[in-house]
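Q: Structure in structure tokens, see below.
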Amino acid sequence: MAHNPPEHLLKKLESLSEKFSLLTTKLSQPDIISDRKVFQETSVERSSLEDVVDKFASYKKNLKNYSGAIEIRDNEKDPDLLEMAKEESSELEKILDQELAELKILLLPKDPNDHKNIIIELRAGVGGDEAGLFVGDMYRAYSKFAEKNKYSVELMSTAENSSGGYREIVALIKGNGAYSTFKYESGSHRVQRVPQTETQGRIHTSTITIAILPEAEDIDLEINPVDLKIETCRASGAGGQHVNTTDSAVRIVHLPTGEVVQCQDERSQIKNKAKALKVLRSRILQKMHQKAADKEAENRKEQVGSGFRNERIRTYNFPQGRVTDHRINLTAYNVDQVIEGDFKELINSLARHYQLEALKDNG
């Protein structure tokens, strides 16, 4: 069957290629370079088109070769050349079908936050000390995954408990596309295993919650200083650990929303304040976006691809060596590898699932 790309799709792709060239030119203009906000917005817009433009360039090259092979196949009399043309056209047809499918996915509406860094917040849920230990385990797992995939991790704040675990860990994960990679990790994660303190060998079930927030830049959200209540105090840790002798811990309350952030991990009050403001800004922006998304989705039966639903999304069953993602009914028997940072199969499967759902919604 011959490869016949839809004309309207080709026109759209050509239009995007022209737009990409225009944005590239704009980025070299002095008036754009001198305006930080406009330059950043233009750079982000250009970056968002790069993958589809590169794929379309490859597609056009293969389409030209395919048309040449078809012409030879339909007109050539020499049997050897005819056979070569048949093989080439058949092979190129498969490549073009695959590239066209990839282009359709790349043309799906983009999440404007996909390119951003993220704030990841891990909190103990039900399960007592075991939940706190699992917070630490999952933070280490995500840190290992991030490092394997060229992201950097910066600890923002921690709240320890008396058992060596954590009530909460907040960190910044930096790198292009961090949000697009991690965004489906938001939700409740359940762990089933025998705690180290369990003498009877009984399996305990605990939960932690994970929130993934796109990092908010100054240009994304301006906070009026009069809306902030800033307090300083001495940092303290579980069991009296990490106690500072100066008032370096910072607690910030955003009065209009009631949002509270506290940072104490740095020795410097200035650094703790900067980290707290970064987390606060991201939380407020996320709430604004979520409020808008909830309003848009209130008449829909189900939100497709949001990744922000609060129900249990994944179970880690250590006795069976099993990890199950309940959103896509995926089960893999590699819990030991996952806890060491091997999330690639889970993340790729989730991305494919939501891409296919989005393609259905877009006809």
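The values are calculated or read from the model by the stated rules, or taken from the named source; none is laboratory data. Treat the numbers as computed from the prediction; the structure is a model and nothing was measured. All Cβ positions, glycine included, derive from the backbone under ideal geometry; neighbour counts span all protein chains shown.
Q: Does residue 64 satisfy being surrounded by 13 or more Cβ atoms within 10 Å (Cβ to Cβ), closer than 30 Å to residue 91 by Cα and basic (Lys, Arg)? I'd like the intermediate steps shown before the answer.
A: Values: surrounded by 13 or more Cβ atoms within 10 Å (Cβ to Cβ): no; closer than 30 Å to residue 91 by Cα: yes; basic (Lys, Arg): yes.
So residue 64 fails the test.
Q: Would you say residue 196 is under 25 Å from residue 335 (Cα atoms), at pLDDT below 90 and more than 13 Å from the chain's Cα centre (by Cα)? Please lay out each step first, then the result.
A: Working: under 25 Å from residue 335 (Cα atoms): yes; at pLDDT below 90: yes; more than 13 Å from the chain's Cα centre (by Cα): yes.
Judged against the criteria, residue 196 is a match.
Q: Within the bounds of the stretch 54-72, is there any residue that is under 24 Å from the mean Cα position of the chain (by Cα), part of a helix (DSSP H, G or I) and either at negative phi or in the same structural domain as residue 177 (by TED's automatic domain parsing) (or both)? Lay out the reasoning, then the answer.
A: Restricting attention to the stretch 54-72, the residues satisfying the condition of being under 24 Å from the mean Cα position of the chain (by Cα) are 54-55.
Then drop every residue that is not part of a helix (DSSP H, G or I), which leaves 54-55.
Now drop any that are not either at negative phi or in the same structural domain as residue 177 (by TED's automatic domain parsing) (or both), which leaves 54-55.
Yes, there is a match, as at least one residue in the stretch 54-72 is under 24 Å from the mean Cα position of the chain (by Cα), part of a helix (DSSP H, G or I) and either at negative phi or in the same structural domain as residue 177 (by TED's automatic domain parsing) (or both).
Q: Within the stretch 169-178, which residues are of a type outside the set (A, V, I, L, M) and either in contact with a strand residue (DSSP E or B) (Cβ under 7 Å, 6 or more places away or on another chain) or surrounded by 19 or more Cβ atoms within 10 Å (Cβ to Cβ) (or both)? Reasoning before the result, please.
A: Of the stretch 169-178, the ones of a type outside the set (A, V, I, L, M) are 174-177.
Passing the criteria: 174, 175.
Q: Another question about this same structure. Every residue in the stretch 246-274 that is among the small types (Gly, Ala, Ser) and surrounded by 13 or more Cβ atoms within 10 Å (Cβ to Cβ), please.
A: If the condition is that a residue be among the small types (Gly, Ala, Ser) and surrounded by 13 or more Cβ atoms within 10 Å (Cβ to Cβ), then 248, 249, 274 are the ones that fit.
Q: Within the stretch 105-118, can you find the residues that are among the aliphatic types (A, V, I, L, M), surrounded by fewer than 24 Cβ atoms within 10 Å (Cβ to Cβ) and outside any helix (DSSP H, G or I)? First the steps, then the outcome.
A: Our first condition is that a residue be among the aliphatic types (A, V, I, L, M); within the stretch 105-118, this holds for 105-108, 118.
Cutting the leftovers down to surrounded by fewer than 24 Cβ atoms within 10 Å (Cβ to Cβ) gives us 105-108.
The answer is 107, 108.
Q: Please tell me if residue 21 is polar (S, T, N, Q), in the same structural domain as residue 96 (by TED's automatic domain parsing) and modelled with pLDDT of 90 or more.
A: Details: polar (S, T, N, Q): yes; in the same structural domain as residue 96 (by TED's automatic domain parsing): yes; modelled with pLDDT of 90 or more: yes.
Considered against the rule, which asks whether it is polar (S, T, N, Q), in the same structural domain as residue 96 (by TED's automatic domain parsing) and modelled with pLDDT of 90 or more, residue 21 comes out as yes.
Q: Within the group 166, 142, which residue is modelled with pLDDT under 95, closer than 30 Å to residue 268 by Cα, of a type outside the set (A, V, I, L, M) and buried (at least 21 other Cβ atoms within 10 Å of the Cβ)?
A: Numbers: 142 fails: modelled with pLDDT under 95.
Just a single option satisfies the conditions, and that option is 166.
Q: Can you name every residue in the stretch 92-121 that is farther than 28 Å from residue 68 by Cβ and modelled with pLDDT under 90?
A: Just the residues of the stretch 92-121 that are farther than 28 Å from residue 68 by Cβ, to begin with: 108-121.
Listed by number, the residues that qualify are 108, 109, 110, 111, 112, 113, 114, 115, 116.
Q: Could you please give the count of residues in the stretch 85-104 that are free of Cβ contacts under 8 Å to residues at least 40 places away in the same chain and surrounded by fewer than 19 Cβ atoms within 10 Å (Cβ to Cβ)?
A: Count: 9.
Q: Among (1) touching a residue at least 24 places away in the same chain (Cβ under 8 Å); (2) surrounded by 12 or more Cβ atoms within 10 Å (Cβ to Cβ), where does residue 37 come up short?
A: Answer for residue 37: the failing condition is (2).
Q: Go through the stretch 318-363 and report how many residues are assigned to a strand (DSSP E or B) and either in contact with a helix residue (DSSP H, G or I) (Cβ under 7 Å, 6 or more places away or on another chain) or surrounded by fewer than 16 Cβ atoms within 10 Å (Cβ to Cβ) (or both).
A: Taking the stretch 318-363 first, the residues assigned to a strand (DSSP E or B) are 322-325, 330-332.
Next cut, either in contact with a helix residue (DSSP H, G or I) (Cβ under 7 Å, 6 or more places away or on another chain) or surrounded by fewer than 16 Cβ atoms within 10 Å (Cβ to Cβ) (or both) only: 322-323, 325, 330-332.
The qualifying residues number 6.
Q: Under 6 Å by Cβ, and 6 or more places apart or on different chains, what pairs join a residue from the stretch 168-183 that is in the same structural domain as residue 132 (by TED's automatic domain parsing) and in contact (Cβ under 8 Å) with a residue 40 or more places away in the chain with one that is among the acidic types (Asp, Glu) and in a strand (DSSP E or B)?
A: Here the result reads 170/121; 172/154, each pair linking the stretch 168-183 to a residue that is among the acidic types (Asp, Glu) and in a strand (DSSP E or B).
Q: Can you name the residue in the stretch 257-281 that is in a strand (DSSP E or B) and of a type in the set (A, V, I, L, M, F, W, C) and is also nearest to residue 171 (Cα to Cα) among such residues? Before you say what the answer is, go through the steps one by one.
A: Step one: filter the stretch 257-281 for residues in a strand (DSSP E or B), giving 259-263.
Subsequent filtering for residues that are of a type in the set (A, V, I, L, M, F, W, C) retains 260-261, 263.
Values: 260: 16, 261: 13, 263: 11 Å.
Residue satisfying both the conditions and the ranking: 263.
Q: Can you go through 54, 78 and tell me which one is farther than 26 Å from residue 176 by Cβ and free of Cβ contacts under 8 Å to residues at least 40 places away in the same chain?
A: Details: 54 fails: farther than 26 Å from residue 176 by Cβ.
Exactly one residue qualifies, and that residue is 78.
Q: Of all residues in the stretch 169-188, how many are within 21 Å of residue 266 (Cβ to Cβ) and of a type in the set (D, E, K, R)?
A: Keep residues of the stretch 169-188 that are within 21 Å of residue 266 (Cβ to Cβ), which gives 169-174.
Remaining after also requiring of a type in the set (D, E, K, R): 174.
Residues flagged as within 21 Å of residue 266 (Cβ to Cβ) and of a type in the set (D, E, K, R) within the stretch 169-188 amount to 1.
Q: Still on this structure, I have one more. Give me a count of the residues in the stretch 123-147 that are closer than 27 Å to residue 348 by Cβ and either small (Gly, Ala, Ser) or within 15 Å of the chain's Cα centre (by Cα) (or both). It would help to see each step written out before you state the result.
A: Pass one, the stretch 123-147, residues closer than 27 Å to residue 348 by Cβ: 123, 125, 134-147.
Narrowing the set further to residues that are either small (Gly, Ala, Ser) or within 15 Å of the chain's Cα centre (by Cα) (or both) leaves 125, 136, 141-143, 145-147.
Residues flagged as closer than 27 Å to residue 348 by Cβ and either small (Gly, Ala, Ser) or within 15 Å of the chain's Cα centre (by Cα) (or both) within the stretch 123-147 amount to 8.
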